[in-house]
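Let me begin by presenting the structure, written as structure tokens, before commenting on it.
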Amino acid sequence: MRLVLLTDLHFGRARPDLIDPLLDAVAKAAPDLVVVAGDFVQRARTGQFRQARRFLDRLPQEWIAVPGNHDIPLFNLPARLLAPRAAYRRWIDRQTEPSVQTRTAHIVGLDTTYRFYHQRGRITPAQSAHVADILRQESTDRTVVVVAHHPFHHAPDVEKKVMTGAARALDTWSDCGPHIILSGHLHTWTVEPFIARKNRSMTLQVHCGTGLSTRLRGEPNDFAILDIAGDRCRIRRMAAADGASHYADLGESAYRRTPEGWVPAPTA
């Protein structure tokens, strides 16, 4: 199965010159499914959601998505408190936690936004238990892929706080089997197995930067292509490096799923 991971499109702060190249690059990749990990818009305004909807309607492939913290109102406090996901559900998808099952993968979307946090997300005990149940059921038959806007682990130099409940969830899932987490939020690229406190590398994190936003954190606009076949996962980075107006291959990495966790594999 081939997935394309897009995240942090931020319509309202997107580069107009990259919209067509991004759509062309995704079409050329010919994925079975496009996964969008939140932050479609910059400030949850109707005009920005209209732009995001037009982008989605131009995707030739099927897609699923989860919301990000920018997809719920920030300054409209009544909407944020009473109906934070109303605009997202109207313009993007009524579901905020989609699920897709294929022959090779079980993809689980998690809504990690929280109306009482400006940026930081949270994962609830119920969400953690739901994923744990899926991991136990799937065993080694299919690769479980969790999609969330907020990452479950940050590098030491990241100033933002890891979302509430992330460490507990990773520890719970490390007892249940290997899995992949797709996320965004930080506008940086990371692909690596994460070793949980129980000293197990059960989580393979694939963390994309921003697909279109002008808010770069010292890295180019990018997206990921994932090929999942049996116990193997290959991840390719596509990026508009050095301000280019097209996306090019910046290299790939590969990992193998084992009972002990994820280990590096040859890319050839």
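The values are calculated or read from the model by the stated rules, or taken from the named source; none is laboratory data. Note that the structure is a prediction, hence the values are computed from the model and not measured. With ideal geometry, Cβ positions are generated from the backbone for all residues, glycine too; neighbour counts draw on all protein chains shown. Remember, those area values only see protein heavy atoms, side chains included, never the ligands or the DNA or RNA. Shrake-Rupley method; radii C 1.70, N 1.55, O 1.52, S 1.80 Å.
Over the chain, Cα pairs under 8 Å with separation of 6+ residues give a relative contact order of 19 percent. Per residue, the solvent-accessible area of the chain (1.4 Å probe, heavy atoms of protein chains only, all protein chains present) comes to 44 Å². Coupling constants for segment 178-184 follow from the phi torsions by the Karplus curve (6.51 cos²θ - 1.76 cosθ + 1.60, θ = phi - 60°), and in residue order they are x, 7, 10, 10, 9, 8, x Hz; glycine and proline get x.
Reported value for segment 87-200: 122 Å³ per residue, from the convex hull of its C-alpha atoms. Scanning residues 5 or more positions from Phe11 or on other chains, those with amide H under 5 Å from its amide H are Val41, Gln42, with H placed 1.01 Å from N in the peptide plane.
Taking the accessible area of segment 93-246, probe 1.4 Å, and keeping the other protein chains in place, the carbon and sulfur fraction comes to 46%. For segment 46-146, chymotrypsin sites (Phe, Trp or Tyr not before Pro) meeting the loop criterion (DSSP other than H, G, I, E, B) and having at most 10 other Cβ atoms within 10 Å: Phe75, Phe116. Phi-derived couplings, Karplus 6.51 cos²θ - 1.76 cosθ + 1.60 at θ = phi - 60°, listed residue by residue for segment 47-62: x, 5, 5, 4, 4, 4, 5, 4, 4, 4, 5, 8, 6, x, 9, 5 Hz, with x used for Gly and Pro.
Within the shell defined by Cβ-Cβ distances under 10 Å, the residues around Pro264 carry a net charge of 0, with Lys and Arg each +1 and Asp and Glu each -1.
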